[in-house]
Amino acid sequence: MTISLFIAAFEMFKDTIIENPKMFFCEEFDSDGFVESKTYKAEVPSRHKDRCYASLLWFKEMGAIDDVDLQTYDIIRKYRNELVHEFMSFLVNDDRDFDITKFQVLVDLFTKVEKWWCINIELDINPHMSDIVAEEVNHDDIIPGAIMLLRLMQDVAFGNEPEEGYYYEIFKRGSRTVSRVDM
């Protein structure tokens, strides 16, 4: 269960890292979603042959992450690959335990990027969020939607009923970001 959750979290992270800059530079849509603009192609994929790493380099330039975070991503990516390619080894060998600390490191990095995105992009460009910004929300209290989903998945997988109910109620209300103060 934990290995599956880690892999799902990694894929969510990777998709978000790639799609957010693409959306940021988007100038048009088609039936497949965002059309890559010339600006996007010049600003992001040109940085590295791997789209995720190219996007991480863009996030670094924007100040969302640093070199330590890039190193952390490399460790997490290698661990994800080990889990996927040696899955059966983790299931049948007693000496191959899942490293839960790597899951937390992944969630922390994902949270860092998502909070930065929410505060520096979504709150700045969304006119409906001006009331939230005007209230001077404590940035530490912001929980982006993707992180709520991750926590919901984690709480369901590990049987944490009170937390599971909290995030489920937030999703039912349709909130994209919420303060921990609501707890």
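The values are calculated or read from the model by the stated rules, or taken from the named source; none is laboratory data. Keep in mind that what you see is a predicted model, and the values were worked out from it rather than measured. Glycine also receives a Cβ, built like all others from the backbone with ideal geometry; neighbour counts cover every protein chain displayed.
For residues that are assigned to a loop (DSSP other than H, G, I, E, B) and in contact with a helix residue (DSSP H, G or I) (Cβ under 7 Å, 6 or more places away or on another chain), scanning just region 63-98, find the one that is surrounded by the fewest Cβ atoms within 10 Å (Cβ to Cβ).
First pass over region 63-98, keeping only residues assigned to a loop (DSSP other than H, G, I, E, B): 63-66, 86, 93-98.
Checking the rest, the ones that are also in contact with a helix residue (DSSP H, G or I) (Cβ under 7 Å, 6 or more places away or on another chain) come to 64-66, 96, 98.
Numbers: Ala64: 21, Ile65: 21, Asp66: 12, Arg96: 14, Phe98: 16.
Restricting to residues being assigned to a loop (DSSP other than H, G, I, E, B) and in contact with a helix residue (DSSP H, G or I) (Cβ under 7 Å, 6 or more places away or on another chain), the top hit is Asp66.
Out of region 105-123, which residues are within 12 Å of Phe24 (Cα to Cα) and charged (D, E, K, R)?
Selection gives Glu122 alone.
Please find, among Lys14, Lys22, Lys60, the residue that is in contact with a strand residue (DSSP E or B) (Cβ under 7 Å, 6 or more places away or on another chain), surrounded by 14 or more Cβ atoms within 10 Å (Cβ to Cβ) and assigned to a helix (DSSP H, G or I). Can you show your working first?
Details: Lys14 fails: in contact with a strand residue (DSSP E or B) (Cβ under 7 Å, 6 or more places away or on another chain); Lys60 fails: in contact with a strand residue (DSSP E or B) (Cβ under 7 Å, 6 or more places away or on another chain).
Lys22 is the lone residue from the list that is in contact with a strand residue (DSSP E or B) (Cβ under 7 Å, 6 or more places away or on another chain), surrounded by 14 or more Cβ atoms within 10 Å (Cβ to Cβ) and assigned to a helix (DSSP H, G or I).
I need the full set of residues from region 99-127 which are buried (at least 16 other Cβ atoms within 10 Å of the Cβ) and either in contact with a Phe, Trp or Tyr (Cβ under 7 Å, 6 or more places away or on another chain) or not in a helix (DSSP H, G or I) (or both), in order please.
The answer is Lys102, Phe103, Leu106, Leu109, Phe110, Val113, Ile121.
So, Cys52, is that one surrounded by 14 or more Cβ atoms within 10 Å (Cβ to Cβ) and under 27 Å from Phe103 (Cβ atoms) or not? Walk me through it before giving the result.
Details: surrounded by 14 or more Cβ atoms within 10 Å (Cβ to Cβ): yes; under 27 Å from Phe103 (Cβ atoms): yes.
Against the criterion (surrounded by 14 or more Cβ atoms within 10 Å (Cβ to Cβ) and under 27 Å from Phe103 (Cβ atoms)), Cys52 qualifies.
Return yes or no: is Phe13 of a type outside the set (Lys, Arg), in contact with a Lys or Arg (Cβ under 6 Å, 6 or more places away or on another chain) and closer than 20 Å to Trp117 by Cα? Explain how you work it out, then say what you get.
Working: of a type outside the set (Lys, Arg): yes; in contact with a Lys or Arg (Cβ under 6 Å, 6 or more places away or on another chain): no; closer than 20 Å to Trp117 by Cα: yes.
When the stated conditions are applied, Phe13 does not pass them.
Can you tell me which residue in region 1-11 is nearest to Cys52 (Cα to Cα), limited to those that are surrounded by fewer than 19 Cβ atoms within 10 Å (Cβ to Cβ) and modelled with pLDDT of 90 or more?
Glu11
Against the conditions (1) under 29 Å from Arg151 (Cα atoms); (2) modelled with pLDDT of 90 or more; (3) among the hydroxyl-bearing types (Ser, Thr, Tyr), where does Thr39 fall short? Just the number, please.
(1)
Quickly run through region 36-57 and pick out the residues that are over 18 Å from Phe13 (Cβ atoms) and assigned to a loop (DSSP other than H, G, I, E, B).
Within region 36-57, Glu36, Ser37, Lys49 qualify.
Cβ contacts < 8 Å: first residue within 16 Å of Arg51 (Cβ to Cβ) and without any contact (Cβ under 8 Å) to a residue 24 or more places away in the chain, restricted to region 70-82; second residue among the basic types (Lys, Arg) and in a helix (DSSP H, G or I), any location; separation 6+ or different chain. Result?
So the pair list comes out as Leu70/Lys60.
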